[in-house]
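Worksheet for the structure shown next.
The values are calculated or read from the model by the stated rules, or taken from the named source; none is laboratory data. These numbers were taken from a predicted model, which means no experiment stands behind them. Positions of Cβ are generated from backbone atoms using ideal geometry, with glycine treated the same way; all protein chains shown enter the neighbour counts.
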Amino acid sequence: MAPRACAGHPMSAILDIANLTVEFPTRREVFVAVDGASLTVEPGEIHGLVGESGAGKSTIGAAVMALLERPGRIAGGTIRLKNEIISGLDRAAMRSLRGSEISMIFQDPLTSLNPLFTIREQLTETITTHLSLTDAEAHERAHDLLARVGIPEPEIRLDQYPHQFSGGMRQRVVIALALCSEPDVIIADEPTTALDVSIQAQILDLIRELANERQVGVILITHDMGVIADTTDRVTVMYQGKVVETGATRLVLGKPSHPYTKSLIAAVPRPNVKLHRFPLISYGGRATEFRISDLARNWNKADTDSAKPLFEISGLTKRFLQKRSFIPSRRQYLVAVNNVSFDIRQGEVFGIVGESGSGKSTVARMIAGLYRADGGTILYGGQRVTGSGSLAWYRRQIQMIFQDPYSSLNPRMRVDAIVAEPALHHRLLSGKALRHRVDELLEHVGLGAAAGFKYPHEFSGGQRQRISIARALATQPKFLICDEPTSALDVSIQAQILNILKDLQEHLSLTMLFISHDLPVVRQMCDRVAVMQNGRLVEIQDAEALFAAPREDYTRSLLNLMPRLDGLATEGIEDQVEA
Amino acid sequence: MLNYIIRRIFQSVVVLLIVGLVAFSMFRFVGDPIDNMLGQERTQADIERLRAQLGLDQPFPVQYWRFLENAVQGNFGVSYRQGRPVAEIIAERAPATLELAAVSGLFAIVIGIVLGVFTAIRRDGWASNVIMTGSLIGVSLPTFLIGILLIYVFSVELDLLPSFGRGDVVDVGGWSTGFLTASGLKALVLPAITLGLYQMTLIMRLVRAEMLEVLRQDYINFARARGLSERVVNFRHALKNTLVPVITVTGLQLGSIIAFAIITETVFQWPGVGLLFINAIQFVDIPVMAAYLMLISVMFVGINLLVDLLYVAIDPRLRGEGNTT
């Protein structure tokens, strides 16, 4: 299907990428990362580049900057900046363009600043590289830039080091660095993915303002449809290195014409309606469904006496030592969780939402027994699980699924050993029965028993998360803790994993604690939701009631920050809307 | 900051006390010095008298306490063998060892870092491959063999450099230095290379590995994306980040250069404290051994303290004011 014609005037484009092809030659074959992609950016325009991981969107950014990782090379097409061809320029010429005409903003503000230099050093160094200014003028400019990107007290902040800034502030510094010499084009590669929703909104506003005020053309690379919908003027959708659709954002999201765009949009969790299941991306025949029925047959189901809560948590407190001292009164603590009480009912999905640092993960870790509570009690089925005493019986009944599918599996262990380990540790099964259980579990999460012979690095992020789920199920637990289980995954993979979790909960009558900062996902998954802020519990409500009528101001402000996806096509999800 | 230094110094003193205790208690098992000091024609009375005179009849804790008391005042007793104060003997020998260690340490650090950075930046160049392969030889050959090889090539075959001794030394305020004469400098070359070669290859490999890791970081990419030149990116942004882990290992290695100069000093007949220590062991000369061990541990502890302070100087994240706002 042919891409839509661009809505603007191609002659005024500040950046014009035509038929760009980028290849990575390997020993066996040539991998084509970008295949004949074209897009234009006009002054003052934010052009969204969206697609799932591996679609080639970041590679386009790197190709424009001439920062392709070896052995990548531009194999065809041209890149024009202000009508001059810049693809194929030599290294020195390209370097003089970088930072001065085209700048780049990276994903993770925590790692994109050099930790050993002050903000002033990093700014003036970049300024004097591009502009011939005296030291005093460069300092003046550094000061102005910090003020411009909204950092209070720039005079003091200039002489601080990156670690003294929070994530959002660091991203502002990164933007200031990108603005050092008035670039015409800024390539922002997932600039807000690592940030909280409230910070994300501020940073996107700043980028929007800069684009308007300085007539900078921005390429905004992201996998987040919400960001695209809220911020961009035009959008280009990529799939496996090819541009599948491009056009005005409202049109592409509201009336997608390509089947891939349609299925991608259908998989986005909606903030405004609750769906029974997530529609899976069917394009390219990748969706693997999950078969639950056999597993449910020989599962020791929990007695569904839902009148009595499974967990009764009261006065839970955790503090971390921040400053040591011999004298107890001079020690400083960070109170991560402050006097939190709630119940988790039998068979429900209980959600905890909050920004980073709100203490939601700390609560989960205390329930899992990874942290020892400094105060309060946790009762599991009426029995106390905080304090001393052997908790092996308890640990067998609870299992955890972690956020990062890359670091939560031991890379030196085979997948069958990973899945078998919990059952082996608790001496539940051995020999043939164990092997049978492992095969069954791998089969059920849609990987197939043959996956057991491989190692974790042979799997993608979504597949690894399936392995984590299989591992968590190995002891036939009654309670699952999911700490941001999908925030590292693409939207289509996220939909698959969330569907698996929903099925498990329904068929195996599992109780779940679901922690996430992503409110639409929480709405889809949870029965009841607790909102946390700065270690305190703000409110607990039934999920639908919370989203419809939040009681507290903080909850309301959180909900207001959710991307509005009203304009998104509803094709493919109508039949899933719950009454 | 001051708090930190005081705490570190306090810890250092504790370490020194423990080292002293361990060393001192081991001396009771190396043999009886009285046997060596008195000739064949000794009587029991002679033995008793000398034992009382040296304080060896006292219980062990008392001996250790006296040793500490004297050591703090710079008095390490009298060598059983030479009959002269130990402090004097060591002061005479220490300059030779310290000069040798300083030169070989400098050689190891400078050449190690330069080669490490070079092989990291030109990762796949032929020169890097040659250097990396060559460094394996440096790591795998034992020190004495390298010394003998160097002597064979540069002294015996080419006759360029002396094969033993310090050459002519000049006395500057009680410190005999070989830095001021041509023959003194020439004499330093072979022992310094012998002593430093292993450390040099180690530092080089460490710098290379760290540098490759740092060059993969986002902030290096971002520095490139801001248009900074390769020189600034490599030598300002990358190198400084490489140094933090390198300093740890280098500090410990410098300590061992001084401590393990013994082999090199033996091969080159270098008149340093290492040779002194070997002789002291043969004669059960406890005061010399004790003083030597204390000297070495003071140096180790001192270097470690310095390393910790350097960390703080390089990495602002360790300065304690970690308030993110």
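Checked against the criterion of being surrounded by fewer than 20 Cβ atoms within 10 Å (Cβ to Cβ) and in contact with a helix residue (DSSP H, G or I) (Cβ under 9 Å, 6 or more places away or on another chain), the candidates A:233, A:189, A:205 yield just one match: A:205. Screening residue B:134 with (1) closer than 30 Å to residue B:245 by Cβ; (2) buried (at least 19 other Cβ atoms within 10 Å of the Cβ) gives one miss only, at (2).
Filtered by the rule that a residue be among the basic types (Lys, Arg) and closer than 18 Å to residue A:129 by Cβ, segment B:215-244 gives B:224, B:226, B:231, B:236, B:240. Scan segment A:115-131 for residues that are among the hydroxyl-bearing types (Ser, Thr, Tyr), over 17 Å from residue B:224 (Cβ atoms) and crowded, with 20+ Cβ neighbours inside 10 Å and jot them down. Residue satisfying the conditions is A:124 alone. Might you check whether a residue that is surrounded by fewer than 20 Cβ atoms within 10 Å (Cβ to Cβ), within 21 Å of the chain's Cα centre (by Cα) and either more than 14 Å from chain B (Cβ to nearest Cβ) or closer than 19 Å to residue A:210 by Cβ (or both) occurs anywhere in segment A:54-71? There is at least one residue in segment A:54-71 that is surrounded by fewer than 20 Cβ atoms within 10 Å (Cβ to Cβ), within 21 Å of the chain's Cα centre (by Cα) and either more than 14 Å from chain B (Cβ to nearest Cβ) or closer than 19 Å to residue A:210 by Cβ (or both).
Residues checked against (1) part of a loop (DSSP other than H, G, I, E, B); (2) touching a strand residue (DSSP E or B) at 6+ places or on another chain (Cβ under 9 Å); (3) away from chain A (no Cβ under 14 Å):
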position: B:212; (1), (2), (3): no, no, no
position: B:250; (1), (2), (3): no, no, yes
position: B:258; (1), (2), (3): no, no, yes
position: B:270; (1), (2), (3): yes, no, yes
position: B:287; (1), (2), (3): no, yes, yes
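Every condition in (1) closer than 25 Å to residue A:227 by Cα; (2) in contact with a Gly (Cβ under 6 Å, 6 or more places away or on another chain) is met by residue A:50 except one, and the failing one is (2).
Screening segment A:144-166 for residues that are assigned to a helix (DSSP H, G or I) and surrounded by fewer than 17 Cβ atoms within 10 Å (Cβ to Cβ) and picking the one that is nearest to the other protein chains (Cβ to nearest Cβ) gives A:156. For beta carbons closer than 6 Å, sequence separation of 6+ or different chains, a first residue in segment A:398-410 that is under 26 Å from residue A:509 (Cβ atoms) and a second that is of a type in the set (Phe, Trp, Tyr) and not in a loop (DSSP other than H, G, I, E, B), the qualifying pairs are A:398/A:479.
With respect to (1) more than 7 Å from every other protein chain (Cβ to nearest Cβ); (2) at pLDDT 90 or above; (3) surrounded by 19 or more Cβ atoms within 10 Å (Cβ to Cβ), the lone exception for residue A:107 is condition (2).
Only one of the numbered conditions (1) modelled with pLDDT under 85; (2) among the small types (Gly, Ala, Ser); (3) closer than 20 Å to residue B:276 by Cα is not met by residue B:184, and that is (3).
Flag: residue A:562 matches the condition of being surrounded by fewer than 21 Cβ atoms within 10 Å (Cβ to Cβ), within 24 Å of residue A:403 (Cα to Cα) and hydrophobic (A, V, I, L, M, F, W, C).
The condition of being within 13 Å of chain B (Cβ to nearest Cβ), over 30 Å from residue A:263 (Cα atoms) and surrounded by fewer than 19 Cβ atoms within 10 Å (Cβ to Cβ) does not hold for residue A:175. When the residues of segment A:312-337 are filtered to those that are within 19 Å of residue A:356 (Cα to Cα) and at pLDDT 90 or above, the one that is surrounded by the fewest Cβ atoms within 10 Å (Cβ to Cβ) is A:317. Only one residue in A:137, A:101 is among the acidic types (Asp, Glu), touching a residue at least 12 places away in the same chain (Cβ under 8 Å) and over 30 Å from residue B:312 (Cα atoms). Which one? That would be A:101, the only listed residue that is among the acidic types (Asp, Glu), touching a residue at least 12 places away in the same chain (Cβ under 8 Å) and over 30 Å from residue B:312 (Cα atoms).
When B:149, B:212, B:185 are checked against the criterion of being surrounded by fewer than 21 Cβ atoms within 10 Å (Cβ to Cβ), in contact (Cβ under 8 Å) with a residue 60 or more places away in the chain and of a type in the set (A, V, I, L, M), B:212 stands alone in meeting it. Is it the case that residue B:310 is within 14 Å of chain A (Cβ to nearest Cβ), under 29 Å from residue B:189 (Cβ atoms) and either free of Cβ contacts under 8 Å to residues at least 24 places away in the same chain or surrounded by fewer than 20 Cβ atoms within 10 Å (Cβ to Cβ) (or both)? Considered against the rule, which asks whether it is within 14 Å of chain A (Cβ to nearest Cβ), under 29 Å from residue B:189 (Cβ atoms) and either free of Cβ contacts under 8 Å to residues at least 24 places away in the same chain or surrounded by fewer than 20 Cβ atoms within 10 Å (Cβ to Cβ) (or both), residue B:310 comes out as yes. Within segment A:114-141, being part of a helix (DSSP H, G or I), more than 13 Å from chain B (Cβ to nearest Cβ) and of a type in the set (A, V, I, L, M) holds for A:136, A:138. Inside segment B:227-243, can you point out the residues that are assigned to a helix (DSSP H, G or I), facing another protein chain (nearest Cβ under 7 Å) and under 20 Å from residue A:62 (Cβ atoms)? Result: B:237, single match.
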